[in-house]
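Asks: Just passing along the structure, written as structure tokens.
The values are calculated or read from the model by the stated rules, or taken from the named source; none is laboratory data. Note that the structure is a prediction, hence the values are computed from the model and not measured. Glycine also receives a Cβ, built like all others from the backbone with ideal geometry; neighbour counts cover every protein chain displayed.
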Amino acid sequence: MTDRTLSTRRRFLAISAAAAMAPSAALPGDASRVWTGRGLGGALSVRLDGVTPGRMQRLAARIEATVDRVERQFSLYRDSDLTRLNRDGRLSHPSDDVLSLFDLADRVHRATGGAFDPTVQPVWAALARSGDVAGARRLVGWDRVRFDPDEIRLEPGMALTFNGIAQGWAADRVADALRAEGLENILIDMGEILGLGTASTGAPWRASILSPHGASVGQARLHDLALATSSPLGTTIAGGAGHILHPLGLAAVWSTVSVSAPQAAVADALSTACCLLPEDGIDRAMQAFPGARCEVAVA
């Protein structure tokens, strides 16, 4: 791993786009507009350059429909393809989008030596409810998931979570929708940041990776590039366990990892898994995805 910032203190990172999100109403002579909303468990925003107010209304509807579609596929907190799969143990004739995410999850699983494993959901649930954690660990194993265009099938008791990849996946899908509208200069924040084209200055979008106290621990320049940051203790489960779980029950290696990649879903999944990997494992994971880079790893 090269060009990353290391710290022996446990710190969490916040990402802020240096080209800050503008108010929804553009300044005089400025054609930038910002859509804001909620979904995927948090606040969302999309900055669009070169958009008139009338066009913005139609684009906002398309953004909202795209986010809603991702939630209807992968949310754990509403009726979705994922909640039905977890409930029934099978999902017949999954959509192309669902299969594509399963395929990407499989690639990241293999690239990270199994550290990225969506089947840890039963362990998360057991920890949250003070249940049988040892029993839940026996249900973990991505290699036991079967998926093809006809059906996705889980073994009895298994369940999946895509919380370590779905936000990035949503950012990519929003980007696809806006590119199809002919837009080029876009800053998308779906919990992971994706900068397309350039900021209004013509320079790449800039992102600062900050400590909770506002100290900069890294910088990234985003030109058709995404940035994702994961912190195991950024969210805790009952008992103080971090929300990023190793499939073998091992402790996280890093308190925070930030990864950039051309696809936000790749950056999202890799930043999640790399919290659990030693340096050589992170290096191998980056090599499996062209353009991926570990920007920051904080011990």
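Asks: Among the residues of the range 224-249 satisfying the criterion of being buried (at least 24 other Cβ atoms within 10 Å of the Cβ) and β-branched (Val, Ile, Thr), which is modelled with the highest pLDDT?
Replies: Within the range 224-249, the match that is modelled with the highest pLDDT is ILE244.
Asks: Still on this structure, please answer the following. Criterion first (within 20 Å of LEU250 (Cβ to Cβ) and surrounded by fewer than 20 Cβ atoms within 10 Å (Cβ to Cβ)) does ALA180 satisfy it?
Replies: no
Asks: A follow-up question, please. Residues in the range 127-160 that are of a type outside the set (Val, Ile, Thr), in contact (Cβ under 8 Å) with a residue 24 or more places away in the chain and either assigned to a strand (DSSP E or B) or crowded, with 17+ Cβ neighbours inside 10 Å (or both): how many?
Replies: 10
Asks: Right, something else. Name the residue that is farthest from the chain's Cα centre (by Cα), counting only residues in the range 76-94 that are without any contact (Cβ under 8 Å) to a residue 40 or more places away in the chain and either within 22 Å of VAL140 (Cα to Cα) or buried (at least 18 other Cβ atoms within 10 Å of the Cβ) (or both).
Replies: The selected residue is ASP88.
Asks: State the number of residues belonging to the range 250-288 that are crowded, with 24+ Cβ neighbours inside 10 Å and either among the small types (Gly, Ala, Ser) or assigned to a strand (DSSP E or B) (or both).
Replies: Total satisfying the criteria: 13.
Asks: Of the residues VAL51, VAL70, VAL34, which is within 24 Å of GLY191 (Cβ to Cβ), β-branched (Val, Ile, Thr) and either part of a helix (DSSP H, G or I) or within 18 Å of the chain's Cα centre (by Cα) (or both)?
Replies: Result of the check over VAL51, VAL70, VAL34: VAL70.
Asks: Within the range 95-124, how many residues are out of contact with any Asp or Glu (no Cβ under 7 Å at 6 or more places or on another chain) and either crowded, with 17+ Cβ neighbours inside 10 Å or aromatic (Phe, Trp, Tyr) (or both)?
Replies: The number of residues fulfilling the criteria is 18.
Asks: Now a separate question. Filtering the range 184-219 down to residues that are of a type outside the set (Ser, Thr, Tyr), closer than 23 Å to TRP35 by Cβ and modelled with pLDDT under 90, which residue is surrounded by the most Cβ atoms within 10 Å (Cβ to Cβ)?
Replies: Selected residue: ALA207.
Asks: Can you tell me which residues in the range 73-121 are of a type in the set (A, V, I, L, M) and part of a loop (DSSP other than H, G, I, E, B)?
Replies: LEU76, ALA115
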